[in-house]
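Asker: Could you have a look at this structure, given as structure tokens, before my questions?
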Amino acid sequence: MFSDGGGRALTGAGAAPWPRQPGLTSRPHERRLRRMAPHDNRAWFLLVPALTLLGVVGALPLLAVFNYGFHDIFTLKDVHWVGADWFADILGSDRFVASLGRSLLFSTLALGIQVPLGIAVAMLLLGQGKGAVWGLMLVALPLVVPWNMIPMLWLGLINSDSGLLGPGLAAIGFDWKFTGWHTWALILAVDTWHWLGLVVVLAYAGLSAIPDAYRQAAAIDGASRWAVFRHIELPKIAGALAIVFLLRFVDSFMIYTEAFAINAGGPSDATRFLSLELGEEIKGFSYGQAAARATLYFLIVLAVVWAFVAATREREA
Amino acid sequence: MMRRLALLALAGFILLPLAQAVILSFTVTLPDVELAQGTVGLMNYSAVLADSALRAAMVNSGIYVVLNVVFCIALALPAAYALARFRFLGDRHFLLVILVFRVTPPVVLSLPIFILFSQFGLVNSPVGIALVHCLFNLPVAIWILESFIRAVPRELDETAFLDGHSGPSFFFYHLIPAIAPGIGVAAFFCFIFSWVEVVFARILTVTGGKPITMALQAMFGFQTDIGMVMAMTCLSLVPGVVMIWFVRNHLARGFSLRA
């Protein structure tokens with residue numbers, strides 16, 4: 001799905017039918033285009049504007065962060081070289097290891113819930129014909145809610161006095177303020193509410209691009225529902241799922257807004273994720289240490305992306 | 001039957017928190033001289049619209065989101081065209097680079113972006129926020145537009161050039177109309193990131209130019225009028241809902257990993 005031998009990709013979403021102009025695109029057609037794509041290095045000129053902007057707002061700040069990480073910064077005019085001290089401090093602290101573990105666990109749970117659930121919802125919508133559009137609009141709604149209001153909506157909902165769910169949750173002993181795993185459950189529910197739409201939309205895009213003939217052929221062969229999913233649908237939505245996986249990984253791994261607003265890392269550090277520690281250092285004006293920490297986080301994310309892309313290319317080769 | 005139940009459960013899950021917000025937004029939540037707590041009506045909305053800081057926040061958000069969408073589409077179109085139509089040295093590396101920028105945690109960049117932008121006078125300015133959001137939206141816009149351009153037969157380009165169209169006039173008169181839905185979808189994804197993002201919106205608006213997200217944040221205090229906060233939140237959903245409505249038939253094109 002990611003790449004053919006020629007090094008370029010055919011993606012599930014890329015081959016989706018274009019609703020207004022049926023018949024404009026199909027896989028064989030695209031494949032022909034791909035073969036025809038001429039080799040021309042002048043195409044770089046078309047990338048220059050985008051690369052310039054990304055360089056200024058992306059690459060420069062990254063280099064700066066990397067540089068700050070080796071300094072002790074009191075003010076911007078009072079900067080001392082400290083070598084790799086910050087890195088050694090952070091990597092050697094038990095708190096860092098514990099937070100890293102919590103963040104990894106949170107990402108694992110978030111992906112483990114949201115990806116299968118999103119695929120299931122997309123499949124459910126696929127069977128709804130024209131109604132699917134309404135389903136897609138529904139699940140996309142949370143994506144347009146201001147991020148800092150998402151925890152507020154949920155805290156309102158579970159408020160034990162006035163919330164729609166509050167009295168019921170209080171009656172069954174749900175105590176998100178002081179019971180660690182209840183806070184976890186709440187943050188996971190909020191995160192799932194926020195991001196399920198992205199998984200559904202992208203999975204639906206991949207699934208709806210599969211011609212009916214594939215499923216009919218499988219039905220004639222007597223394939224089970226699982227076999228159809230495993231051998232026909234899953235390969236076709238792999239490209240869409242890959243981007244979902246990566247986007248959801250980084251966002252859940254660096255979750256801040258929801259986690260901080262809901263319980264600020266509590267109770268007793270049970271939801272103290274990596275980003276909350278970084279937030280504390282920035283608020284405490286400990287910029288050198290914050291930069292070193294940010295560099296580490298970036299490297300962790302980069303390593304995961306790298307491993308993921310390498311594994312995908314390997315599998316496709 | 002099971003399917004219907006599952007769909008109902010999904011709708012309940014998605015709509016419950018929003019329903020809570022809507023209910024609160026129509027309710028008096030702070031004791032008031034004239035109105036008792038719990039009174040239902042439009043007073044929270046009229047209070048929001050009467051507040052000049054909140055009105056200004058809506059305008060600020062609107063300005064940088066529009067700028068961001070314009071920047072992203074303008075820069076992504078040529079890049080997407082190049083990726084869709086040509087092979088060239090380093091094309092896969094380019095895709096990897098934009099993927100890396102897209103997945104860079106915002107909080108990692110917040111400090112140097114602030115320092116860099118303050119040197120260029122881009123703090124408290126909507127242009128600054130619009131530029132920095134491009135880091136996250138430009139890659140997505142490139143992925144989406146590339147898949148739409150690739151679905152357009154190459155013959156379109158060839159006929160246009162045979163007809164004597166130059167590069168720019170081909171882009172405006174042939175390519176853009178042909179991929180209009182793709183531009184809509186790309187604009188939608190840029191919009192939903194830029195409109196609701198908080199990390200950069202916070203650090204780049206120190207004293208002025210506060211967007212909706214920060215204006216909402218500022219409404220929390222010793223005595224928070226949660227009804228008014230929710231009224232503001234509900235109003236902030238309107239542009240997003242309108243965007244969803246416009247792209248509803250094309251949303252399912254999505255985007256996928258290109259690496």
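Asker: Tell me which residues, restricted to segment B:96-105, are under 14 Å from A:GLY55 (Cα atoms) and in a loop (DSSP other than H, G, I, E, B).
Answerer: The one that is under 14 Å from A:GLY55 (Cα atoms) and in a loop (DSSP other than H, G, I, E, B): B:THR104.
Asker: Let me ask another. Of the residues in segment A:48-96, how many are over 19 Å from A:LEU302 (Cβ atoms), among the small types (Gly, Ala, Ser) and crowded, with 16+ Cβ neighbours inside 10 Å?
Answerer: The qualifying residues number 1.
Asker: Are there any pairs, at least 6 apart or on different chains, whose C-beta atoms fall under 6 Å, with the first in segment A:214-242 and closer than 23 Å to A:VAL309 by Cβ and crowded, with 18+ Cβ neighbours inside 10 Å and the second hydroxyl-bearing (Ser, Thr, Tyr) and modelled with pLDDT under 85, and if so, which?
Answerer: Once the first residue is closer than 23 Å to A:VAL309 by Cβ and crowded, with 18+ Cβ neighbours inside 10 Å and sits in segment A:214-242, its partners that are hydroxyl-bearing (Ser, Thr, Tyr) and modelled with pLDDT under 85 give A:GLY239/A:THR11; A:GLY239/B:SER256; A:ALA240/B:SER256.
Asker: Residues that are surrounded by fewer than 22 Cβ atoms within 10 Å (Cβ to Cβ), more than 10 Å from every other protein chain (Cβ to nearest Cβ) and part of a helix (DSSP H, G or I): does segment B:207-215 have at least one?
Answerer: no
Asker: All but one of (1) touching a Phe, Trp or Tyr at 6+ places or on another chain (Cβ under 8 Å); (2) touching a residue at least 12 places away in the same chain (Cβ under 8 Å); (3) of a type in the set (Phe, Trp, Tyr) hold for B:TYR64, so report the exception by its number.
Answerer: The one condition B:TYR64 does not meet is (1).
Asker: Right, A:TRP134: touching a strand residue (DSSP E or B) at 6+ places or on another chain (Cβ under 9 Å) and either buried (at least 18 other Cβ atoms within 10 Å of the Cβ) or in a helix (DSSP H, G or I) (or both) or not?
Answerer: Taking the combined requirement at face value, the residue does not satisfy it.
Asker: Right, next: Facing another protein chain (nearest Cβ under 9 Å) and in contact with a helix residue (DSSP H, G or I) (Cβ under 8 Å, 6 or more places away or on another chain): is that true of B:ALA187 in this structure?
Answerer: The answer is no for B:ALA187.
Asker: Sticking with this structure for a sec: Please work out which residue is surrounded by the most Cβ atoms within 10 Å (Cβ to Cβ), limiting yourself to segment B:238-251 and to residues that are over 23 Å from B:ASP51 (Cβ atoms) and touching a helix residue (DSSP H, G or I) at 6+ places or on another chain (Cβ under 6 Å).
Answerer: B:LEU251
Asker: Mind listing whichever residues of segment B:79-95 are in a helix (DSSP H, G or I), free of Cβ contacts under 8 Å to residues at least 60 places away in the same chain and at the interface with another protein chain (Cβ under 8 Å from one of its Cβ atoms)?
Answerer: Correct list: B:ALA82, B:ASP91, B:PHE94.
Asker: Would you say A:PHE298 is closer than 22 Å to B:HIS93 by Cα and in contact with a helix residue (DSSP H, G or I) (Cβ under 8 Å, 6 or more places away or on another chain)?
Answerer: Considered against the rule, which asks whether it is closer than 22 Å to B:HIS93 by Cα and in contact with a helix residue (DSSP H, G or I) (Cβ under 8 Å, 6 or more places away or on another chain), A:PHE298 comes out as yes.
Asker: So, in segment B:135-149, how many residues would count as being crowded, with 24+ Cβ neighbours inside 10 Å, under 13 Å from B:ARG253 (Cα atoms) and not acidic (Asp, Glu)?
Answerer: 6
Rundown of residues vs (1) among the hydrophobic types (A, V, I, L, M, F, W, C); (2) more than 30 Å from B:ALA82 (Cβ to Cβ); (3) facing chain B (nearest Cβ under 7 Å); (4) outside any helix (DSSP H, G or I), yes/no style:
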| residue | (1), (2), (3), (4) |
| --- | --- |
| A:GLY55 | no, no, no, no |
| A:VAL79 | yes, yes, no, yes |
| A:LEU104 | yes, yes, no, no |
| A:LEU143 | yes, no, yes, no |
| A:SER162 | no, yes, no, yes |
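Asker: Run down B:ALA187, B:ALA178, B:ALA218, B:ALA160 and say which single residue is closer than 23 Å to A:LEU153 by Cβ and of a type in the set (A, V, I, L, M).
Answerer: B:ALA218
Conditions (1) under 13 Å from the mean Cα position of the chain (by Cα); (2) within 14 Å of another protein chain (Cβ to nearest Cβ); (3) aromatic (Phe, Trp, Tyr), marked per residue:
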residue: A:HIS194; (1), (2), (3): yes, yes, no
residue: A:GLY197; (1), (2), (3): yes, yes, no
residue: A:ALA203; (1), (2), (3): no, yes, no
residue: A:ASP212; (1), (2), (3): no, no, no
residue: A:ARG215; (1), (2), (3): no, no, no
residue: A:ALA219; (1), (2), (3): no, no, no
residue: A:GLY222; (1), (2), (3): no, no, no
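Asker: Now, a different point. Which number in (1) outside any loop (DSSP other than H, G, I, E, B); (2) of a type in the set (Phe, Trp, Tyr); (3) facing chain A (nearest Cβ under 10 Å) marks the one condition that B:PHE220 misses?
Answerer: Single failed check for B:PHE220: (1).
Asker: Turning to a different aspect of this structure: Out of segment A:264-317, which residues are among the charged types (D, E, K, R) and either in a helix (DSSP H, G or I) or surrounded by fewer than 20 Cβ atoms within 10 Å (Cβ to Cβ) (or both)?
Answerer: Passing the criteria: A:ASP269, A:GLU277, A:GLU280, A:GLU281, A:LYS283, A:ARG293, A:ARG313, A:GLU314, A:ARG315, A:GLU316.
Asker: Considering each of A:TRP176, A:TRP184 in turn, give the residue that is assigned to a helix (DSSP H, G or I) and not β-branched (Val, Ile, Thr).
Answerer: A:TRP184
Asker: Restricting to segment B:218-237, and then to whatever is surrounded by 20 or more Cβ atoms within 10 Å (Cβ to Cβ) and polar (S, T, N, Q), can you tell me which residue is farthest from A:ILE150 (Cα to Cα)?
Answerer: Restricting to residues being surrounded by 20 or more Cβ atoms within 10 Å (Cβ to Cβ) and polar (S, T, N, Q), the top hit is B:SER236.
For every residue, the table says whether it meets (1) surrounded by 11 or more Cβ atoms within 10 Å (Cβ to Cβ); (2) under 21 Å from A:THR192 (Cβ atoms).
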residue: B:ALA9; (1), (2): no, yes
residue: B:ALA21; (1), (2): yes, yes
residue: B:PHE26; (1), (2): yes, no
residue: B:LEU35; (1), (2): yes, no
residue: B:SER46; (1), (2): yes, no
residue: B:ASP51; (1), (2): yes, no
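Asker: Can you tell me which residues in segment B:118-148 are in contact (Cβ under 8 Å) with a residue 12 or more places away in the chain and not in a helix (DSSP H, G or I)?
Answerer: Passing the criteria: B:LEU122, B:VAL123, B:ASN124, B:SER125.
Asker: So which of B:ILE115, B:ILE98, B:ILE73, B:ILE14 ends up being within 28 Å of A:THR257 (Cβ to Cβ), β-branched (Val, Ile, Thr) and in contact (Cβ under 8 Å) with a residue 60 or more places away in the chain?
Answerer: Just a single option satisfies the conditions, and that option is B:ILE73.
The values are calculated or read from the model by the stated rules, or taken from the named source; none is laboratory data. Note that the structure is a prediction, hence the values are computed from the model and not measured. Glycine also receives a Cβ, built like all others from the backbone with ideal geometry; neighbour counts cover every protein chain displayed.
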